[in-house]
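Let me begin by presenting the structure, written as structure tokens, before commenting on it.
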Amino acid sequence: MNVDFTSIQNYHERAVTEAVRESAARFPHLATKGLLPDVACVALNRLPPRYIRHEVDFAFYLSEKERGENERAVAKAVAFAFEFVQARTAMRARG
């Protein structure tokens, strides 16, 4: 049986990477050190995985309340991740 699983993805990956890109200008030292992928990983690890095949399908099943909660959760996770990576970078610089 030949089954293609490549369409499966974590819904939060796209939302997190977009939020990291949008916030990167406020943290230029992290961007120049190539740490934005680290920020995205920290943020993704703080969110529950939401696996989907098609983004439109996921959006269809969410209520407005759930969509808003999801957006707030992503924003909160990304804000935490920037602060976390920034703090770890500062600690390494001191040590």
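Things worth noting here:
- Degrees, to the nearest 10: 36-45 long Cα axis against longest axis of the chain: 50
- Look at the alpha carbon pairs under 8 Å that are at least 6 residues apart: their mean separation over the length of the chain gives a relative contact order of 39 percent.
Read the figures in this text as sums done on the coordinates, not as results from a lab. In this text the structure is predicted, and so the values were computed from the model without any measurement.
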